[in-house]
Amino acid sequence: MLLPARRLLFAALVCLLIGVAAAASTRLAEIWQATAAAVVTIATVDAVLARRQRGRLSAQREFARAMPVGTWQTVELHLRLSTGRLTGWLEDGHPPAFASAGLPLSFSLEASRNLRVAYRIAVSQRGRHAFSGLTLRATSPLGFWLVQETVSLVDELRVYPNFARIAHYSLLATDHRLSQIGILQRRRRGEGMEFHQLRDYRQDDSPRRIDWPASARCGRLIAREYQDERDQQIVFLLDCGARMRAHDGDLSHFDHTLNALLLLAYVALRQGDAVGLATFGHAQPRVLLPSKSLATLKKLLNAVYDLEPTLQVPDYLAAGEILTRHLRKRALVVLLTNLRDEDDDTLLPAVHYLRQRHALTLASLREPVLDEVVEAPVTDFDAALLRGAGLEYLQARQRQLALLRRNGLHILDVSPRELPVALINHYWARKRAGEL
């Protein structure tokens, strides 16, 4: 496709002005005719030359094939020209759901030389996405036209939950600085559930830990040291229904939950436990049986990266029954959801059903916007109504949580941003208490 460039529009404007002047003075008519003929001739020759320069540009896109959601990422384009010289602008066909910065990109390229240009995209939606081709606008040899063409360049991108926090956790754990993000490490030497090793008795050790046969053989006091039990199972029961569509910042509650789920999965796998997953609240529930290998984290990522919350109302009892059919060994089941006061019909039966077979923790996401509504000053009648509705909703929620606690259920009622740290601390507390 040929589009008129600024130079052609300027030449046409000059011809028009001369033509207007020629209408008033016949002596300028020949000048106008000669000028118009020259512009048309040059534009025609330039159009022919412009068409010949099409198809000479080849491109290659370079980017991370797996990206974490909620981040800005760089996409590089490698351009190469077969013959001649080419200048212009290009627009890359990045996924339409992502915002971009740095487009369109200008370029000036000579034959047999590579040019590398880059721009950035805001990765705002998980799942499978595709890049389409490049749209190119190059200046014609004489500058009268812009030659628009499309370079076919299709690439696929997978957007996963944000696993950057896992790397951050790993670095802090290596330096023993987990307290900086609120994770409490209470190492209670000798008070675990599983035998670890024998060592010399220390002054603060309990006498019950003394191994008398070993002490008699060595001629000094020897104590048994225990560690937290391994080979246990952690299974996430993930709500993919309508309640998880609410947003906190740039991410939905569902995305915050996935980030927390992956972080706890990483911690549990490092502790020697098996991790599994079951989803509900959408058309095709997924079940990932617990496993212990570090490859489990990759399986989890591939199982959830393309999930999105639906408009479906969750059925907790049906979810618990599906999970139990696949899960035979006792496990810590972490139910990740956002409670409503109308959930009693299926939630309470599901809680009783699951607790007969497993240790159960309910992690319910609290919506920060409700706290803001309640704390906002009342300036008019509408604000008063809004605050009253918010208070009524929060009170109903608290009544429901109190009822669940009276039934012996462990509950985490936290905001989405607090969920990762709260889950890890709760996991360690239950593990060291021997409740799994």
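Summary table below
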{"quantity": "Any pair with Cβ under 7 angstrom, 6 or more apart, that starts in the stretch 255-275 at a residue that is within 18 Å of M67 (Cβ to Cβ) and ends at one that is surrounded by fewer than 24 Cβ atoms within 10 Å (Cβ to Cβ) and of a type in the set (D, E)", "calculated": "H256/D248"}
{"quantity": "Scope the stretch 27-60; condition without any contact (Cβ under 8 Å) to a residue 24 or more places away in the chain and open to solvent by less than 50 Å² (accessible area, probe 1.4 Å); matching residues", "calculated": "A29, T35, A36, A38"}
{"quantity": "Failed criterion for G192 (all others in (1) surrounded by 16 or more Cβ atoms within 10 Å (Cβ to Cβ); (2) part of a loop (DSSP other than H, G, I, E, B); (3) modelled with pLDDT of 80 or more; (4) not hydroxyl-bearing (S, T, Y) hold)", "calculated": "(3)"}
{"quantity": "Unique match (being open to solvent by 10 Å² or more (accessible area, probe 1.4 Å), among the hydrophobic types (A, V, I, L, M, F, W, C), in a strand (DSSP E or B) and more than 14 Å from V159 (Cβ to Cβ)) among A138, A118, A122", "calculated": "A118"}
{"quantity": "Residue tally, condition open to solvent by less than 30 Å² (accessible area, probe 1.4 Å) and either among the basic types (K, R) or outside any loop (DSSP other than H, G, I, E, B) (or both), over the stretch 342-369", "calculated": "12"}
{"quantity": "Among the candidates R202, R209, R220, residue that is out of contact with any helix residue (DSSP H, G or I) (no Cβ under 7 Å at 6 or more places or on another chain), in contact (Cβ under 8 Å) with a residue 12 or more places away in the chain, among the charged types (D, E, K, R) and crowded, with 18+ Cβ neighbours inside 10 Å", "calculated": "R209"}
{"quantity": "Some residue of the stretch 62-81 being out of contact with any Ser or Thr (no Cβ under 8 Å at 6 or more places or on another chain) and at pLDDT below 85", "calculated": "no"}
{"quantity": "Any chance T71 is under 30 Å from F98 (Cα atoms) and among the hydroxyl-bearing types (S, T, Y)", "calculated": "yes"}
{"quantity": "First in the stretch 240-252 and crowded, with 16+ Cβ neighbours inside 10 Å, second anywhere and of a type in the set (D, E), Cβ under 8 Å, 6 or more apart", "calculated": "C240/E308; A246/E367; D248/E367"}
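The values are calculated or read from the model by the stated rules, or taken from the named source; none is laboratory data. Everything quoted here is computed from the prediction, not taken from an experiment. With ideal geometry, Cβ positions are generated from the backbone for all residues, glycine too; neighbour counts draw on all protein chains shown. All accessible areas refer to the heavy atoms of the entire protein, side chains included, with ligands and DNA or RNA removed. Shrake-Rupley method; radii C 1.70, N 1.55, O 1.52, S 1.80 Å.
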